[in-house]
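Note sheet for the following structure.
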Amino acid sequence: MGKFSRLGNHLYSGEKSIDFVGRKWLWYSISAVIVLLAVLGLSVKGLDMGIEFVGGAEYKVKVEQADQALADELRADIADTGIDAAQQPVVTTSGQDALLVQVKPLTTAENAEIKDTIAATTGTDATEISATEIGPSWGKEIAKRAGTGLVVFLVLVVLFIWAYFREWKMSVGAIVALAHDVVITVGVYALSGFEVTPATVTGLLTILGFSLYDTVVVFDKVRENTHNLRESRTTYAKAANLAVNQTLVRSINTSIVALIPVGAILYVGAVQLGASTLKDLALALFVGMAAGAYSSIFIATPLVVQLKAGETDVIQAEKRDKARQKKLEADRYASVPAFTEDMPIHDEPGATDVPEGDGPVARPAAPTHETAAPETAGRGRIAPQGHGPVRPSSAAGRRQPTRQPRSKRGKK
């Protein structure tokens, strides 16, 4: 962790820097490939909507002891029937003496087969199993309200970012990052074959807030670094890239801390318990949080820099930076750093290795006009060669004249 902390300090101070803004087309290409795979998954496989959205059948059976082991066994037996509508049944306990089984719409023959399977697994009579139809109206109402909530959320996001940062282009960057996260999350659901349930909708709306939170933190640092480009003597792209580097470690730490418990819930829900509601919520959160951390760093900020490239202040800052670079290239000695106490020690150019023992150390002779490089000779860059050793002078102890006011001149 010590190396990671030092890396964070170096990134924050600018000693080390990752070029996020300059390599924006690389990040755009990676995101385009991921989004394309998500869209292909949606178009080819489509979403597996749960019974809350498409309707289905619900069976309730009385048992002596309703526990998770019996629920898992019943879920596996129903899935082994080979009925397409019952490949992902939802089996939950209802109290201590009942089990609930939910499947998608069935035909009359499939309904009878499912009842026989439940009776054989639980040891009850098929006539004692109550079956009811589940309509899709409740799921459609949830989907409708979720869509309304999403539209209201996006409108509020645009207004909030525009009012807080006084910059509509940052609103565009945030909306693009949010759309990026939603498309990837929905595409993962299509490719993985997980059912879309009301828990999925809840998780999808939750990740929007997480992604927006991370993006606003980065944007706030960008605004701080680009507050006055003229005095900071840098460009908008460099200042924004520094902001991403300064918040990089924080974003990584926040994402890891959030993903670890969500990943544990996903493992428990999908592998051990098989609880549909739990795993659907965890998958949406896990994928959305990972995509949100990526988009806030690699998509949102580079896009804002690209949108602001045509502004007058940004263009003038670029011109001033290019002029400074030309000046440094013309006078390469102007970039020599000033001495500080914590500067690293380097060997002098051309100096030989220090010999062992107490003997004298050989130092290279000072360059002369004959030995100096042609491009540096005659430009005041060569120290004059000494004519002999420095000896004590009789004028060393002489009193030096001091400047006195006119009224005291000539007076002793």
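Nothing in this text is a laboratory measurement; each read-out follows from the coordinates by a stated rule. On a predicted model such as this, the values are computed, not experimentally measured, just so you know. Because the Cβ atoms are built from the backbone with ideal geometry, glycine has one as well, and the counts that use them run over all protein chains shown.
Taking trypsin sites (Lys or Arg not before Pro) across region 82-175, the ones in a DSSP loop with at most 14 further Cβ atoms lying within 10 angstrom of their Cβ are ARG166.
Footprinting exposure proxy ranking of MET170, MET49, fewest other C-beta atoms within 10 angstrom first, gives MET49, MET170. Treating r as the C-beta distance of HIS227 and GLN65 and R0 as 60 Å, the FRET efficiency rounds to 0.35. Exposure proxy shown here: for SER211, SER31, the number of other Cβ atoms within 10 Å sets the order, fewest to most, as SER31, SER211. With N the number of residues in region 56-134, Rg(Cα) / (2.2 N^0.38 Å) evaluates to 0.96.
When each of HIS387, HIS180, HIS227 is scored by the number of other beta-carbon atoms lying within 10 Å, the sequence from fewest to most is HIS387, HIS227, HIS180.
Where the centroid of each part is defined by its Cα atoms, how far is region 31-100 from region 276-297 in Å? The distance from the Cα centre of region 31-100 to that of region 276-297 comes to 21 Å.
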